[in-house]
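Step one of this worksheet: look at the structure below.
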């Protein structure tokens, strides 16, 4: 019995030391992870809107949550104003759309001067490797470059779907259509 108690206490002490060590490492690395995350986002903003000099995060108005089921398939996370010098040239939206494997997070850049989509980039996804993950490929993403906002962004009409990854392709299209809807709301205000 004493042997069992001794082993249990030893195990409890080792577990406590391991937990404390993990907590300390988390505290030390958490700040570095946040800094790297911000840096990656800034680099991605520059990639989707290369002529912009800087980006400013815009305050987003509180929006009513719709009761329809599609409202959970698309979310605007952040909205950035793109500047060239002191001149506003467009917007970049960081959005989330429900794909086959989970949420897909994208950046969608819009020129408010030419009314075109400047670019699109997938930041995060859990889509199937070799199928849905092809939404990150240049041949898929290039379809969105310089695309007029007047297009309907319909799958297999304006945008060619990825073979075997229709749900992933639709998720990206839904994000683009959601951004266009949001731009329409802003224009009406």
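A short reminder: the numbers here are calculations on the coordinates, not readings from a lab. Just so it is clear, the structure is predicted and the values come from calculations on it, not from any experiment. Note that we place each Cβ from the backbone using ideal geometry, even for glycine, and neighbour counts take in every protein chain shown.
Observations on the structure shown:
- Ellipticity estimate at 222 nm from DSSP helix runs (n ≥ 4, -39,500 (n - 2.57)) divided over the chain, nearest 500: -14000 deg cm²/dmol
- Two-decimal log10 I(q)/I(0) for the chain, as the Debye equation yields it once each C-alpha is a single scatterer, q = 0.15 Å⁻¹: -0.92
- Mean Cα-pair separation over length for the chain, i.e. relative contact order, pairs under 8 Å, 6 or more apart, %: 14 percent
- The distance linking segment 139-154 with segment 1-33 is 52 Å (Cα centroid to Cα centroid, whole angstrom).
- Peptide packing: for 28-40, 120-132, 141-153, the average count of neighbouring Cβ atoms within 10 Å per residue gives the ranking 120-132, 141-153, 28-40, highest mean first.
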